[in-house]
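K.L.:
Sharing a structure below in structure tokens format, with a few things to ask.
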Amino acid sequence: MNLRSSQDKLRVGLLLLPGILMFAIFTIYPIIKLFLMSFTQWDFGSMMDHSFIGFENYKAVLSDETFRIAFENTIIYTIVTVPGQMVLGLLAATFIHSIPKFQVPFRVIYYIPVITSWVIVSLVFRYVFNTEGMLNYVLTNVLHLSESFIPWLDTRWGGSGVAMMLGIWKGVGWNMVVFLAALQSVPQDLYEAAEIDGCGSFQKFFKITLPCIKPTILFALVMLTIGGFNVFTSIKMITGGKPMHQTETVLTWMYYKAFNTGEFGYAAALSFIVAIVLVFLAVLQFRAMKNKDAN
């Protein structure tokens, strides 16, 4: 019996070994290497001879004015896009859930933006909101609402606002699918009992639907918060951080410091600062939801 058990464990270990090796090589090792890099002077001029400098990279990141702007932009982007995606996604899911005969077409319509390329839709938004783009053409030459072209992408909040619009538009479909699955799992007996007690649609939604899908709301909140901090492609393609790095986010600024100025140690330190912030936010979100459950 023991011999057979040992053989079974050996077979399981051999089956898991390729996956463990891949995970160690392509995930664990890069994280460790990046962590060590954050404590060194690692740039284009010292690729082969990098020296240990302690927490200097972390000090440089925290004292960098552009990083502060990029961090503020990321926080604002997350605060705007996460609730926007969740609210619109939940409304879309509730609407589709109420019309079972036409669920498939509406699911496809809402989910199409999710599967489109970030690069393609970012270029489309840049074309629409560019100074000489389609929106300005319509406003000036067709509707005659403006006498001159509006520089939508040439200001900090204009460029950031366009990226936020894109983020919400592209994320509604994902939230719709997640919330629709949660809505379909809510017991119908609860709604029937509520109808017998004379509850209206709004009462059923806030007293039954929302409490039943609270775990899904927490899941979506955490995932979207992580996604908000990972915004990169839309900013890179729409504004490129312009004007004067005023529309940078933490990832675009990290990319700029690593591949434009060659400050890999700075970029590595920045990445771990962002990771710490994300862990802190996730813990806060979990605790907040638990406190609501307790109350």
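K.L.:
Give me the Debye-computed log₁₀ of I(q)/I(0) at q = 0.14, 0.30 Å⁻¹ for segment 100-152, equal point scatterers on Cα only, no solvent, two decimals.
P.N.:
Each listed q maps to, in turn, -0.55, -1.03.
K.L.:
Classify segment 1-138 from the C-alpha gyration tensor, please: rounded if a/c falls under 1.5, else prolate or oblate depending on whether a/b exceeds b/c.
P.N.:
oblate
K.L.:
Turning to a different aspect of this structure: Taking all protein chains as present, what is the carbon and sulfur share of the accessible area of the chain, in % to the nearest whole number, probe 1.4 Å?
P.N.:
Here it works out to 69 percent.
K.L.:
Relative to the compact globular guide of 2.2 N^0.38 Å, what is the alpha carbon radius of gyration of segment 232-277, as a ratio?
P.N.:
1.12
K.L.:
Expressed as a rounded percentage, what relative contact order does the chain have, with Cα pairs under 8 Å and six or more residues apart?
P.N.:
Relative contact order comes out at 28 percent.
K.L.:
Let me ask you something else. For the chain, treating each Cα as an identical point scatterer without solvent, what Debye log10 I(q)/I(0) comes out at q = 0.06, 0.07, 0.13 1/Å?
P.N.:
-0.30, -0.41, -1.08
K.L.:
Equivalent-ellipsoid semi-axes (√(5λ), Cα gyration tensor) for segment 61-178, whole Å, largest first?
P.N.:
30, 23, 12
K.L.:
Let me ask you something else. Viscosity 0.890 mPa s, temperature 25 °C: give me the Stokes-Einstein translational D for segment 147-291 in µm²/s, with Rh taken as the Kirkwood radius over C-alpha pairs.
P.N.:
So the translational diffusion coefficient is about 133 µm²/s.
K.L.:
How many times 2.2 N^0.38 Å is the alpha carbon radius of gyration of segment 169-235?
P.N.:
Compactness ratio reported: 1.42.
K.L.:
Take every Cα-Cα pair in segment 209-295 and report what % of them are more than 17 Å apart.
P.N.:
Value for segment 209-295 (Cα pairs over 17 Å): 58 percent.
K.L.:
Using θ = phi - 60° and the Karplus curve 6.51 cos²θ - 1.76 cosθ + 1.60, what whole-Hz ³J(HN,Hα) does each residue of segment 180-188 get, with Gly and Pro shown as x?
P.N.:
Karplus values, whole Hz, x for Gly and Pro: 5, 4, 5, 5, 5, 8, 6, x, 5.
K.L.:
Show the residues, 5+ positions off or on another chain, whose built amide H is closer than 5 Å to the amide H of Thr40.
P.N.:
Excluding prolines and chain starts, which carry no amide H, the hits are Ile53.
K.L.:
Across segment 82-128, how large is the tail of the calculated P(r) beyond 14 Å, expressed as a percent of all Cα pairs?
P.N.:
For segment 82-128, the fraction of Cα-Cα distances above 14 Å is 62 percent.
K.L.:
Compute the longest continuous run of the chain that contains no exposed GluC sites (Glu not before Pro); treat a site as exposed when its DSSP state is not H, G, I, E or B and it has at most 11 other Cβ atoms within 10 Å.
P.N.:
148-295
K.L.:
Under a point spin-label approximation (7 Å from Cα along Cα-to-Cβ), what is the Tyr191-Leu145 distance to one decimal in nm?
P.N.:
The answer from the label model is 3.8 nm.
K.L.:
Accessible area per residue, 1.4 Å probe, Å², for the chain: what's the number?
P.N.:
Heavy-atom SASA per residue in the chain reads 60 Å².
K.L.:
Eigenvalues of the Cα gyration tensor times 5, then square-rooted: what semi-axes does that give for segment 134-219, in whole angstrom, largest first?
P.N.:
The equivalent ellipsoid of segment 134-219 has semi-axes of 44, 17, 10 Å.
The values are calculated or read from the model by the stated rules, or taken from the named source; none is laboratory data. Computed from a prediction, not measured in an experiment: that's the story for all the values here. Here the Cβ is made from the backbone with ideal geometry for all residues, glycine too, and neighbour counts use every protein chain on show. Quick note on the areas: whole protein, heavy atoms, side chains included, nothing else; ligands and nucleic acids left out. Shrake-Rupley method; radii C 1.70, N 1.55, O 1.52, S 1.80 Å.
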